[in-house]
Amino acid sequence: MTVKPKGGKDLAAFRSAHDKSFIVPERIKKGLADLGDSWEYEQEFVKRCNLSLADFSRYRDQFADFFVEIGGKSIRRVWAGSKGFAEKLRTAHNGG
């Protein structure tokens, strides 16, 4: 027989409050949804997601389809709210 706890919070509540491997990607997903078919530079996007740059950078590569790297010596990242819009930005950046 499994004893069901009275009150209290479940594992999902714990993860959403304390597990960065859950919190950070969820905030990035929300930021992408809020951005929609538009773009902004990474620094602005990190603020939109309400994250530190250190936390954000650990999970950035999971979302590589959503950003475009531009520039020469100093590379900047531009974030798009959808993969399709990011592809349009890549095409425009490459002269297409």
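Would you be able to say whether some residue in the range 82-92 is closer than 25 Å to D19 by Cα and not in a loop (DSSP other than H, G, I, E, B)?
Taking the range 82-92 and keeping what is closer than 25 Å to D19 by Cα, we get none.
No: the range 82-92 contains no residue that is closer than 25 Å to D19 by Cα and not in a loop (DSSP other than H, G, I, E, B).
Any chance the range 21-31 includes a residue that's in contact with a His (Cβ under 8 Å, 6 or more places away or on another chain) and at pLDDT 95 or above? I'd like the intermediate steps shown before the answer.
Step one: list which residues in the range 21-31 are in contact with a His (Cβ under 8 Å, 6 or more places away or on another chain), which gives none.
Checked against the condition, which is being in contact with a His (Cβ under 8 Å, 6 or more places away or on another chain) and at pLDDT 95 or above, the range 21-31 yields no hits at all.
Checking the structure you have, find out if any residue of the range 58-79 is modelled with pLDDT of 95 or more, β-branched (V, I, T) and either loosely packed, with under 13 Cβ neighbours inside 10 Å or assigned to a helix (DSSP H, G or I) (or both).
Within the range 58-79, none of the residues are modelled with pLDDT of 95 or more, β-branched (V, I, T) and either loosely packed, with under 13 Cβ neighbours inside 10 Å or assigned to a helix (DSSP H, G or I) (or both).
Condition check ((1) free of Cβ contacts under 8 Å to residues at least 24 places away in the same chain; (2) over 12 Å from the mean Cα position of the chain (by Cα)) across all residues:
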{"position": "L32", "(1), (2)": "no, no"}
{"position": "D37", "(1), (2)": "no, yes"}
{"position": "Y41", "(1), (2)": "no, yes"}
{"position": "N50", "(1), (2)": "yes, no"}
{"position": "S57", "(1), (2)": "yes, no"}
{"position": "A64", "(1), (2)": "yes, no"}
{"position": "F67", "(1), (2)": "no, no"}
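The values are calculated or read from the model by the stated rules, or taken from the named source; none is laboratory data. If you're wondering where the values come from, they're calculated on a predicted model, not measured in any experiment. Note: ideal-geometry Cβ built from the backbone for every residue, glycine included; neighbour counts use all protein chains shown.
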